[in-house]
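J.: Before we start, here is the structure in question, set down as structure tokens.
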Amino acid sequence: MALRSRKTREENTDNVIEINAQMQGSLNFKDHVNLKINGNFAGSLETRGTLTIGNSAEVHSDINGDNIIIGGKVTGDIIANKMLVLMPTAVLKGNISTPKLNIVEGAVFQGNCQMLEPSNNANAHNLLSIKEVAKYLEIGIDEIEQLANSGDIPGIRNGDIWKFEQAEIDNWASSAKLK
């Protein structure tokens, strides 16, 4: 596996990680990174920053990230917190949730798209996990999962994973739906 980290002049504070090999597993970045996948990847992928899937890459994964640029083949659902771009060489088979979407002519997309509401509030697109929502609302994880599965709390399902927009949770909680 070739895993490389570098800093560029333009991004002095950002880490750049490039994967040029076949890889399987779970990648979860809590800090801001710029990740570029040029090889094959299978598993789960969660990033902060920019994720670029290179033209020759093949990815089988549900993806959650801030800015996602796809040039290769991806099979899996995508939650892009800020923006998703499908380049002309992209082939995406999966569902999309994002506030901004750019599909360049030539890209292939097969799935459903849910456009998240844009907002001037900087925290509006903070996606929270079930655990984070439970802590935030001070109720049990099981109860949050039941509310999400029944559609009683606003959330986005990505495979078996629930994500919640903080602004929607705030609105929901303030509207006295929380008992």
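Bear in mind that the values in this text are calculations on the coordinates, not laboratory data. Quick caveat, the model's predicted, so the values are computed rather than measured. Because the Cβ atoms are built from the backbone with ideal geometry, glycine has one as well, and the counts that use them run over all protein chains shown.
J.: So how do 156-162, 82-88 stack up, highest first, on mean other-Cβ count within 10 Å? Provide the component values of the computation, followed by the final result.
T.: Numbers: 156-162: 15.1, 82-88: 18.7.
Averaged packing, sorted descending, gives the order 82-88, 156-162.
J.: While we're looking at this one, here's another question. Treating only the Cβ atoms of Lys and Arg (+1) and Asp and Glu (-1) as charged, compute the dipole magnitude of the stretch 127-174 about its Cα centre; round to the nearest 20 debye. Before the final figure, lay out the partial values.
T.: Values: 4 positive and 10 negative charges, 28 e Å.
The dipole magnitude comes to about 140 debye.
J.: Any idea what the relative contact order of the stretch 40-179 is, in percent, if you count C-alpha pairs under 8 Å spaced at least 6 apart? Display every interim value, and only then the final one.
T.: Numbers: 302 pairs, mean separation 20.1, N = 140.
The value is 14 percent.
J.: Give the span of the stretch 3-115's Cα atoms along each principal axis, as three whole-Å numbers ordered largest to smallest.
T.: Result for the stretch 3-115: principal-axis Cα extents of 35, 28, 24 Å.
J.: Per q in 0.22 Å⁻¹, report the Debye log10 I(q)/I(0) for the stretch 48-179, using one uniform scatterer on each alpha carbon and no solvent.
T.: Calculated log10 I(q)/I(0) at the listed q: -1.25.
J.: Are any of the pairs Lys135/Lys163; Lys73/Lys93; Lys30/Lys93; Lys73/Lys163 more than 18 Å apart by Cα-Cα distance, and if so, which?
T.: Details: Lys135/Lys163 14 Å; Lys73/Lys93 8 Å; Lys30/Lys93 26 Å; Lys73/Lys163 24 Å.
Flagged as over cut-off: Lys30/Lys93; Lys73/Lys163.
J.: Does the stretch 127-174 classify as rounded, prolate or oblate by the C-alpha gyration tensor (a ≥ b ≥ c root eigenvalues; a/c under 1.5 gives rounded; else a/b over b/c gives prolate, otherwise oblate)?
T.: Values: a/c = 1.35, a/b = 1.18, b/c = 1.15.
Taking the square roots of the gyration eigenvalues as a ≥ b ≥ c, the stretch 127-174 is rounded.
J.: Given Cβ point charges of +1 (Lys, Arg) and -1 (Asp, Glu) and nothing else, what value in debye, to the nearest 20, does the dipole of the stretch 3-115 about its Cα centre take? Each step should come with its number before you reach the end.
T.: Numbers: 11 positive and 11 negative charges, 32 e Å.
Computed charge dipole of the stretch 3-115: roughly 160 debye.
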